[in-house]
Structure formats: structure tokens, C-alpha cells
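The values are calculated or read from the model by the stated rules, or taken from the named source; none is laboratory data. In this text the structure is predicted, and so the values were computed from the model without any measurement. Cβ: placed from backbone, ideal geometry, glycine included. Neighbour counts: every protein chain shown.
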Amino acid sequence: MPKIIDVDKIDLTVEETLILKDVSFTVDAGDYIAIVGANGSGKTSLVKAILGLRTPQFGSIWIESSIIKNKKISYISQQVATQAKNFPITVFEVVQMGLYAEKKSMKFYNKEDNKRVHEMLKSLNIEHLANQQITSLSGGERQRALLGRSLISHPDVIILDEPTSALDPEFRSSFYELIDTINQQGVTILIITHDLGVLKNYVNKVLVLDHQVVFFGTSEDFLAQRDQFDELGVEV
């Protein structure tokens, strides 16, 4: 599969603290990559650098041009999910917001746009919640709504930052099944997670961070060597 993201020897300092040192790895189209490491190891800073929200002081991040031009990267974080539960907006409106980048204005949604929203809600099994306030939803339902907002713009890449940390186990399982289905449809997934089940059952590659790359390879190789990462405080 073609390479779509290339992180090349980046250093990242935030408020005079070195967060990332000489980090390099590549992402191929269709990958499902878990990013793991101890708390404070630089995982979220890395994905923010990929998203352009942090600027490395050294090195480079290359992203395939059509992904940049067409804004085909989506990001879902636990922080966004937490904020969403306090925001007075319906599930339909949350998913509809995913069309903003292509519409440029919320004033010009049409019948076809509304049809797309309903189809997305149906595909996520939350069409019956369309007119519900997102504040009234369970954690799992809220994450599906946020995922719908990301998916409706047909992204090539979805980056998730601990998306299930506040979910009950039953909701985690169904959420991961949904993400796996999306990946099988060709969407590249990068996920920050502490869930060993994800590494065993879904991802094809694992990146272990301790401010630098400690390991990058297949999930099978990671699981075979897992004990050696315990010393770094890697929590999975």
C-alpha cells in the first residue's frame, strides 16, 4: 500500500520541555496503528504535530497532498467527547457539522446534505437519536455521534486519542468493532490506546513511544516482546 504519512526525525519542545526526540515512522494507506506509551510519553503531542497543531523544531512531517488539499484527516479525542456532553446541540446537528469544511457555511445545507446526515446516522445505528440533545446521550452513543461527524466528510485518515477511556466495557467492544469495520473499508486509523484487546484483535502495527520511538512494527511482534516494554511503564 502507498505511504500517506511520513514522520522524519522530528524533535518537539513545548514550554522548554523536550517532548519528542528524533521520532520517525511511516503510515501506509489502510494501516490500523496503535500508539502506546506511559502517560506523558508524548503520544498526544505526536498526533497534534501530525494534525499541524504543534510545530516540530526539527525534522519534517509529510502527508500525501490530496489528504491535505481535501482536508481528509479527522480527529476524535476524549477531551472533545467530554466537552460535547455539555454542549446544547442535537445529534443530527453534531453529524451535520462534519459537512462544514466542504460547505464553508452552516447556512447553505440542502436536502441532499440532510439525506447524507440521516444515512450516516442510520449506518451508526443512532438514527432514532437524531433529535436528541447530545447532552442526554450515554458515552457510547455520544462517541458514535462524534464518529459520524468525522465520517460524513469521507476522511482518508481518522486519528483517535483514547476514544473509549470513559466508556463502559460493553460500549468499548461495539465501538472498536465499528472502527474495525471502517478500517476494512479503506480508512487509515491511528489510535492512542491502553487497551490490550485492541492490540490483540484489531491493529496491524504498534508504535511505542517514550519521547522517542522505542518500537515500531507489527502487532504480532509487539505482543511477542510485550514484557520488555513493562519497564518503561507502558500501560496496556
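Taking the listed residues V214, V206, the one that is within 21 Å of D22 (Cα to Cα), of a type outside the set (G, A, S) and within 16 Å of the chain's Cα centre (by Cα) is V206, with no other qualifying.
Residue-level analysis places V95 among those that are modelled with pLDDT of 90 or more, of a type in the set (A, V, I, L, M, F, W, C) and assigned by TED's automatic domain parsing to the domain that holds M120. Residues in the range 14-39 that are without any contact (Cβ under 8 Å) to a residue 24 or more places away in the chain and under 20 Å from the mean Cα position of the chain (by Cα): T26 only. If you go through the range 14-43 and keep only what is at pLDDT 95 or above and among the hydroxyl-bearing types (S, T, Y), you end up with S24, T26, Y32. Quick one: is Q184 over 22 Å from D31 (Cβ atoms) and modelled with pLDDT of 90 or more? Criteria not met by Q184. Out of the range 56-71, which residues are under 16 Å from I5 (Cα atoms) and out of contact with any helix residue (DSSP H, G or I) (no Cβ under 7 Å at 6 or more places or on another chain)? G59, S60, W62, I63, E64, S65, S66, I67, I68, K69, N70, listed by residue number.
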